[in-house]
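Below is one structure, written out as structure tokens; comments come after it.
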Amino acid sequence: MTKSILITHGILVTMDQQRRIFEDGAVMIQNDKIIAVGKSDDVSKNIKPDIIIDAKNKAIMPGLIDLHYHTAIARGVSDGLPLGTYLETFWYPKLRNLKPEEAYWAAMLTYAEAIKSGTTTANDMYRHMIECGKAAEVLGIRAVLSCDCADASEKLDTLKDNEEVVRVMHGKANGRIQARIGVEWVPISSYEFLTQVREVANRAKVGIHIHLNESLGELEMSKKKFGKRPVELAYDLSILGPDCVAAHCVWLTPLEIRLLKETGTPVSHDPGSNAKLGNGICPVPELLAAGVTVGLGHDDTECNNTLDMFEAMKMASVIHRAHRVDSTLLPPQQILEMATRNGAKGLQIEKEVGSLEVGKKADVIIVDLHKLRLSPLIYGKHLNILSHLVYAAHGDDVDTVIIDGKIIMENRVIKTFSEDEIDKATSACRDVLARIS
Ligand SMILES: [Zn+2]
């Protein structure tokens, strides 16, 4: 049945080619697509939508794209460890012991939390991805699934497991679910394993999701094992490319920045995780100056206890300003581009999402601006909406979320499942912890 939704009378932040903002704007949705964008009076003329959403005192903007995401199960349990120790003593034992139904509930929890804070696309790397994909199908989030792959001896997922995820999940739910080949961590990989990654991705006709140059310890381990830094190694093995999301990239030489640019490799900047784990600060100004596409990610709720992309946006601006003593760096418009358009480009879905334009998929969020922390709201010459969205808004200011043309959350209530069921994620966490203790 044809379904049309008109969202009207909001401040419309399109993030289109011209970065147009309409102070009294509207978006018209037909089925899964945007069919009109512009001034409310123009868009509303001569139409009879099935549903009208009045967005007065609200912002209408593209859904946020979390470019580096792991479903997570045990938030707050292993804080304060350096990356290598954390992975060895906690993350890997937990992943090895995770049962499929536990992964499902962990995914339900994190995807629901993501939706509630305005994330409409999650580039998720975890285990039991068919289960995670089922959670994404039920909830209605757009998800790109890749496995935490390593050599079979690591007892995580293998490339074969990942190929099966591609076979079962890629293109499901009207194309809302996609799959990629994931690479967990260079230091735990063998050379043979890494040489197969590109071949498997090409055979499966999907992209790659990999961690690169996250910590100083990782660089040392990689140099010791392979004689090369991770980005150099990934370049030599043809892993890099426009279809390969490289997460973190905190420690980069000028040569490595050139390699990322030369191969068109997009980078996920994950400032909250990098700061919390004491890993450093990604050279985002240099990456952007070199012409590398940089999106934003939260990483996971164990490395970064919130997945609120509004917080990630603020951190991605202020952390570089503090570090470089330069208040001109990463202004709100550029940050919003990272969280929307750049994330879409990083996942090669920029023709579908990342901005509100006619013909694109309707992934739209509505942010309630009628809040103390978002006042005063000023129009005209001193329009401050972008500043509010990046520096003052929280994920829980998101009022309504539409993904693929479906209203997934309205008035902060998720329509696709009952939040009471989230207790099952807590039980799953306790069970996993009991097994690895
Ligand atoms: Zn990660």
Long pairs among 48/116; 155/345; 48/406; 58/361; 99/345, criterion Cα-Cα beyond 26 Å: 48/116; 155/345; 99/345
Within a Gaussian network of the chain (alpha carbon springs, distance under 10 Å), most fluctuating of 154, 184, 357: 154
Over the chain: helical MRE at 222 nm, DSSP H runs n ≥ 4 each giving -39500 (n - 2.57), nearest 500: -9500 deg cm²/dmol
Cα centroid separation, segment 391-405 to segment 40-62 (Å): 17 Å
Positive minus negative residues near residue 427 (Lys, Arg vs Asp, Glu; Cβ under 12 Å): -2
Euclidean distance between Cα centres, segment 130-195 to segment 295-358, Å: 24 Å
GNM result for the chain, Cα springs below 10 Å: residue of 360, 314, 381 fluctuating most strongly: 381
Length released on extending from residue 427 to residue 415, taking residue separation times 0.36 nm less the Cα-Cα span: 2.0 nm
Computed log₁₀ I(q)/I(0) - Debye formula, equal Cα scatterers, no solvent, the chain, q 0.06 Å⁻¹: -0.23
Whole-number Å³ per residue for the convex hull built on Cα positions in segment 73-163: 102 Å³
Neighbourhood net charge (9 Å Cβ-Cβ; Lys/Arg +1, Asp/Glu -1) for residue 296: -2
Spatially proximal lysines relative to residue 56 (Cα-Cα < 16 Å; intrachain offsets below 8 disregarded): 39, 371
Rounded FRET efficiency, nearest 0.05, which uses the C-beta distance separating residue 321 from residue 371 and R0 of 30 Å: 0.75
Carbon + sulfur, % of accessible area of segment 262-419 - ligands and nucleic acids excluded, 1.4 Å: 54 percent
Cleavage-rule hits (trypsin sites (Lys or Arg not before Pro)) in segment 101-158: DSSP loop, at most 16 neighbouring Cβ within 10 angstrom: 155
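The values are calculated or read from the model by the stated rules, or taken from the named source; none is laboratory data. Computed from a predicted structure; not experimentally measured. Neighbour counts are summed over all protein chains in view; Cβ atoms, including those assigned to glycine, are modelled from backbone coordinates with ideal geometry. Surface accessibility is based on the protein's heavy atoms, side chains included, excluding ligands, DNA and RNA. Shrake-Rupley method; radii C 1.70, N 1.55, O 1.52, S 1.80 Å.
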